């Protein structure tokens, strides 16, 4: 039996700058998720812990530590090694939701980002010191952004532009609040916030114009074209519409 991956990698060439993802079926008959890297392929399970392991007989290290916390009560505290294990496990989920995002599997992206956000909160509560807590919390804005994008994309698939806009606005506000609460003043315009804000502008262009907005735009064009009589008619129409409200 050869363990050489050359044929596999040759059939799926790496393209720099492109996130290459595909689903396949493993020899166990279960669906797998593959992410092409520059020197190989990363394969993950679609559910459960991405590497398929069950640490301590449980689904994840997070579940194990949560049980320990419940048993330990107020005296429970994570060690720095525990935080490292949880962070390493979180990276697995990061790779998976990144691949799932590329495939447009929004519910699964929401599931995995929510899971990592929960892990951040757990570490923040039980970490041995502030530095250990921030070692994972620093990634919260990015995961919040991905969670927001997945939720908004799910709304768009249902043709609910208003809901998508509301979700993005909520996400921007939540990231800004997190940064402010953690004394990251001046970072409210972080790359995550900027990314969501740019997308928000695009989403707003998808929203159907109201009768009032249509009249106002037509009036602006009439003024630009120096069709002042038409502009006056549109102005009166706008006033009549406002009075009926």
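Conditions (1) within 27 Å of residue 50 (Cα to Cα); (2) more than 15 Å from the chain's Cα centre (by Cα); (3) at pLDDT below 95, marked per residue:
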{"residue": "110", "(1), (2), (3)": "yes, no, no"}
{"residue": "121", "(1), (2), (3)": "yes, yes, no"}
{"residue": "139", "(1), (2), (3)": "yes, no, no"}
{"residue": "142", "(1), (2), (3)": "yes, no, no"}
{"residue": "146", "(1), (2), (3)": "yes, no, no"}
{"residue": "153", "(1), (2), (3)": "yes, no, no"}
{"residue": "160", "(1), (2), (3)": "no, yes, yes"}
{"residue": "170", "(1), (2), (3)": "no, no, no"}
{"residue": "187", "(1), (2), (3)": "no, yes, yes"}
Checklist entry - Say we look at region 199-226 and pick out the residues that are assigned to a loop (DSSP other than H, G, I, E, B) and either at pLDDT below 85 or within 23 Å of residue 172 (Cβ to Cβ) (or both); which of these is farthest from the chain's Cα centre (by Cα)? => result 210
Next on the checklist: Six or more apart or on different chains, Cβ atoms under 7 Å: show the pairs whose first residue is in region 101-120 and closer than 23 Å to residue 20 by Cβ and whose second is outside any helix (DSSP H, G or I).
Outcome noted: 102/19; 102/21; 103/21
Checklist entry - Would you pick out the residues in region 31-60 that are surrounded by 13 or more Cβ atoms within 10 Å (Cβ to Cβ) and part of a strand (DSSP E or B)? => result 32, 33, 34, 35, 36, 41, 42, 43, 44, 45
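Have a look at 90, 84 and point out the one that is under 17 Å from residue 55 (Cβ atoms), free of Cβ contacts under 8 Å to residues at least 60 places away in the same chain and surrounded by fewer than 21 Cβ atoms within 10 Å (Cβ to Cβ).
84
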Item to check | Filtered residues of region 93-107 (kept if crowded, with 20+ Cβ neighbours inside 10 Å and over 23 Å from residue 157 (Cα atoms)) | outcome: 93
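The values are calculated or read from the model by the stated rules, or taken from the named source; none is laboratory data. Nothing here was measured: the structure is a model prediction, and the numbers come from that model. For neighbour counting, all protein chains shown are included, and Cβ atoms are generated from backbone atoms with ideal geometry for every residue, glycine included.
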